[in-house]
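Below is one structure, written out as structure tokens; comments come after it.
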Amino acid sequence: MIKLTIDGKTIEVQEGTTVLHAAEAAGLYIPTLCNHPQVTPYGGCRLCMVDVEGARTLQPSCTLPATDGMVVKTNTDKVINARKFVLTLIFSERNHFCMYCPVSDGDCELQNRAYDEDMTHWDLQPNWQPFEVDASHEFIILDNNRCILCRRCTRACGELVGNFTLGFEERGADSLLVADYNVPLGESTCISCGTCVQICPTGALIDRQSAYQGKETEVDHNIGVCVECSVGCQRNVLTRDNRLVRIEGEWDAELNHGLLCDKGRFLPLEDDRSRVLTPLVRKDGQLKAATWDQAMSAIASGLTQGNGLAALASTRLPAEDLALFKSIFADGLQAELVTSLEEGKTTATLASLADKIGKPFESRQDELKDTDVVLVLELDLVEEHQVPGFFIKRQIPEGIKLIVADGKDNRLAEKAKVRLHLKAGQEGSFLADLLKAIENGIEDNDLNQAAEILKAAEKPCIVYGKTLAENADEKTLTTLLEIAQTVNAALIGVKGEANSMAAAQLGLEAAFKSNGYQSAFILLGDDHPSQKLVKRLEEIPFVVAQAAYYSQLTGNADVVLPVTMWAEQSGSYLSLDGRLQTIGKALDAPDGVLTSTEALLKIAEILSVEPDTDWKTNLMKRVPTVQIEEA
Amino acid sequence: MTKPKVASDWLCGCAGCHMSLLDIDERILQVVELVDLRATPITDLKEPDKDGVVVGILEGGIANTHNEHVAKKMRERCKILVALGDCAVFGGVPAMRNFFGEEAALKRAYIDAESNDSEGKIPSNPELAEMTRVRAVNEVVKVDLHIPGCPPHADVIFYALVELAEGRIPEIKNDMLHWH
């Protein structure tokens, strides 16, 4: 530990701590711009200059390591004047005219810092050099005119996301933020994760969806789990006047610390499907608008019970709904089939292995943040479950070794040290060979190389995708487990949709086979029904669908109940690695639309079923594949 | 004690700052109690008094030789020059044209704009002031007080006028400070 004095306050910090961090730890404020807690200090903007006793000039506190006995002043006239001068220089460099900028008056860190310094004007006139605005990207607008060259975006793109798309061309006042080798952002290697937009302190990177739609001071914030896949990122859903404005990654989230992928950040705002706004009941072959009571009596008379009834629920729904659904249809109505729309494909074998072993065998995704070797099996983390993919990609320049085994095109494989061919359906023999290669070596150079890398690893991880989970039998999984144990690797399986693991815990994993069902109940929520499901339901005489949006499925159904979409309901989600997290209601549902819970309770009432509402106990009953922890 | 004389004028602006001044509503009666409101775009007198005023207020940036002339005259005739609003303080919306140049701006306005007919031409007459790059007032004459905002809020204008009338220089900060 070392001791330093900042503004007369004696502070004790670890050696290596920057002056800025020391000041922050002591509750002292130093203004910054290029600095951001999630990326490496850069010392570019010079706003955080402080007066250090004995130093020849002012020093940037964000990159200056504190030393023992250091005496720092953060608020002398010299410092304050320098700060104003730095801001004046930044303002004069490009087009920082606030009156025509979407982030003005609240959302701009540059403007806010100028306000903090009581700046009413600039003493230097702007340099009137125009830069082209790049509006080629589907979601992001890149405006170099607003750029202050802080390089937060380039650091985020590389250090956090591992994509290395953004960079700088030229020097000094000509510095230009570019994608790849200066190609339009929309044609670049950008994966639309939007981290650069979120981290940009000015209006240089803005998103089309939310520009001019509401400032920070005008929106409501709703922090909760993302429901677009099973990773379980924390999001901040910004709403205004009951409308989605923007989705941001939650910087303070333990797992994703601000990161999201395009599916979690941008695509939910692009959903343009038509809402079901009233119950619908089929009458004389036509679906007609009806009241909830009429819909309920249609269900009471049309829905069969026991044998002949199939009930399926989307794994995008909260665990509360899945448990209630199971209680009503399995315990109450004794339906022949009660399962999820995923039919347990990616979880059933894994769950039964956990049952057999009697304890969890998978690990947290955080293991991927600090690893030296990653083996990825039948999974393209650039395409799906992207955030854990970011953890891997960003460590590649640090020298971590990536082994990708897949039979399909795999964009992550571009970065692989060893690329192995694994044909779907041959997981068993592949893993058996890999285990042999690890134990004794076999006549396959690539497998041997992979085995050597795994054996030499200190903190290896094995991540596997849906295909493996679906195709593997118990023996294959046992082999996988054996490999993990032999090389002491963390095992991480991505499973399916947002609540895939909750469905597994509730035992919603039976296969949906055409079986001459008399009636079916589909708890669809805001999910997209697959063509296969639509086709199968065509054979069933009476179909009830609980859905937020019109689809071919609702078009074919006999009763449709209008329910909420993800932002209009609250509930719990069990991530792929067992973190039990919640999402709160961010929007009010349209009139007449119920939450899935409310609609299920109505059904229970009309069919005289007493449902078990203790969802959590039911969720925890089964031995999980990975330890469940409440966030 | 005689009331301090105040004059104002507008340059390359939209009159919005003067509208915001009028938005002080009935408080304008308090203002005229405190000051002698002389030449302004909203009073009959059109030029600041030859023997000078205490406070001169300018709205708008300086976009041509005429604006320059008006700004210089106001500077000569007032003790305290106030730049009112983003155009006077920074150049404002008209300054957008600086990124393209005067020629391109004229061509766009008089020839290319969709609302022009095929005979659109750039006006040229020796009597017209000469167009220049749009400048903040402080680039041409010394400014004593900057009140940014697009427009500055009526409350800010009222506060500033009262402070000036009572012989103080207002501090434009915290809630008063908005660049928009």
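The values are calculated or read from the model by the stated rules, or taken from the named source; none is laboratory data. Worth saying up front: this structure is predicted, and the values here are computed from it rather than measured. Cβ atoms come from the backbone with ideal geometry, glycine included; neighbour counts cover every protein chain shown. Ligands, DNA and RNA are stripped out before the accessible areas are found, and what is left, the full protein with its side chains, is counted by its heavy atoms. Shrake-Rupley method; radii C 1.70, N 1.55, O 1.52, S 1.80 Å.
Against the list (1) at pLDDT below 95; (2) in a loop (DSSP other than H, G, I, E, B); (3) out of contact with any Cys (no Cβ under 8 Å at 6 or more places or on another chain), the condition residue A:67 fails is (1).
Output yes when any residue across segment A:508-521 is open to solvent by less than 10 Å² (accessible area, probe 1.4 Å), in contact (Cβ under 8 Å) with a residue 40 or more places away in the chain, aliphatic (A, V, I, L, M) and over 25 Å from residue A:295 (Cα atoms), and no when none is. Yes - at least one qualifying residue is present in segment A:508-521.
Screening residue A:132 with (1) within 12 Å of chain B (Cβ to nearest Cβ); (2) loosely packed, with under 15 Cβ neighbours inside 10 Å; (3) within 22 Å of residue A:35 (Cα to Cα) gives one miss only, at (3). For segment B:98-137, the set of residues classified as touching a Leu at 6+ places or on another chain (Cβ under 9 Å) and either open to solvent by 60 Å² or more (accessible area, probe 1.4 Å) or facing chain A (nearest Cβ under 9 Å) (or both) consists of B:122, B:123, listed by residue number. Taking the conditions (1) closer than 16 Å to residue B:12 by Cβ; (2) free of Cβ contacts under 8 Å to residues at least 24 places away in the same chain in turn, residue B:104 satisfies each one other than (1). There is no residue in segment A:488-499 that is open to solvent by less than 40 Å² (accessible area, probe 1.4 Å), assigned to a helix (DSSP H, G or I) and not charged (D, E, K, R). Among the residues of segment A:103-129, just one is touching a Leu at 6+ places or on another chain (Cβ under 8 Å), open to solvent by less than 30 Å² (accessible area, probe 1.4 Å) and among the hydroxyl-bearing types (Ser, Thr, Tyr), namely A:120. Kindly evaluate residue A:143 against the criterion of being open to solvent by less than 20 Å² (accessible area, probe 1.4 Å) and either in contact (Cβ under 8 Å) with a residue 60 or more places away in the chain or touching a Pro at 6+ places or on another chain (Cβ under 9 Å) (or both). No, not satisfied. Among the residues of segment A:71-102, those identified as open to solvent by 20 Å² or more (accessible area, probe 1.4 Å), outside any helix (DSSP H, G or I) and more than 14 Å from chain B (Cβ to nearest Cβ) are A:71, A:73, A:75, A:76. Residue count for segment A:408-430, restricted to those that are open to solvent by 40 Å² or more (accessible area, probe 1.4 Å), in contact with a strand residue (DSSP E or B) (Cβ under 7 Å, 6 or more places away or on another chain) and outside any strand (DSSP E or B): 2.
Considering the conditions (1) within 31 Å of the chain's Cα centre (by Cα); (2) surrounded by fewer than 18 Cβ atoms within 10 Å (Cβ to Cβ); (3) assigned to a helix (DSSP H, G or I); (4) in contact (Cβ under 8 Å) with a residue 12 or more places away in the chain, residue A:532 is excluded by exactly one of them, (4). Of the residues making up segment B:70-117, those that are of a type in the set (Asp, Glu) and under 23 Å from the mean Cα position of the chain (by Cα) are B:76, B:86, B:102.
Scanning segment A:57-102 for residues that are touching a residue at least 24 places away in the same chain (Cβ under 8 Å), closer than 19 Å to residue A:28 by Cβ and acidic (Asp, Glu) yields a single hit, A:68. Cβ-Cβ contacts under 6 Å between residues 6 or more apart (or on different chains), taken from a first residue in segment B:159-180 that is within 14 Å of another protein chain (Cβ to nearest Cβ) and under 17 Å from residue A:117 (Cβ atoms) to a second residue that is open to solvent by less than 60 Å² (accessible area, probe 1.4 Å) and among the small types (Gly, Ala, Ser), are listed as B:178/B:149.
Candidates A:256, A:242: the one that is polar (S, T, N, Q), in a loop (DSSP other than H, G, I, E, B) and farther than 19 Å from residue A:569 by Cα is A:256. Inside segment A:259-270, residues that are part of a loop (DSSP other than H, G, I, E, B) and either modelled with pLDDT under 95 or open to solvent by less than 10 Å² (accessible area, probe 1.4 Å) (or both) make up a count of 3. Does residue A:443 qualify as being more than 21 Å from residue A:485 (Cβ to Cβ), open to solvent by 10 Å² or more (accessible area, probe 1.4 Å) and without any contact (Cβ under 8 Å) to a residue 24 or more places away in the chain? So residue A:443 fits the description; yes.
Against the condition in a loop (DSSP other than H, G, I, E, B) and either among the polar types (S, T, N, Q) or over 30 Å from residue B:121 (Cα atoms) (or both), how does residue B:45 come out, does it pass? Taking the combined requirement at face value, the residue satisfies it. Residues considered: B:80, B:28, B:24, B:57. Of these, the only one that is touching a helix residue (DSSP H, G or I) at 6+ places or on another chain (Cβ under 6 Å), under 26 Å from residue B:159 (Cβ atoms) and either away from chain A (no Cβ under 14 Å) or without any contact (Cβ under 8 Å) to a residue 12 or more places away in the chain (or both) is B:24.
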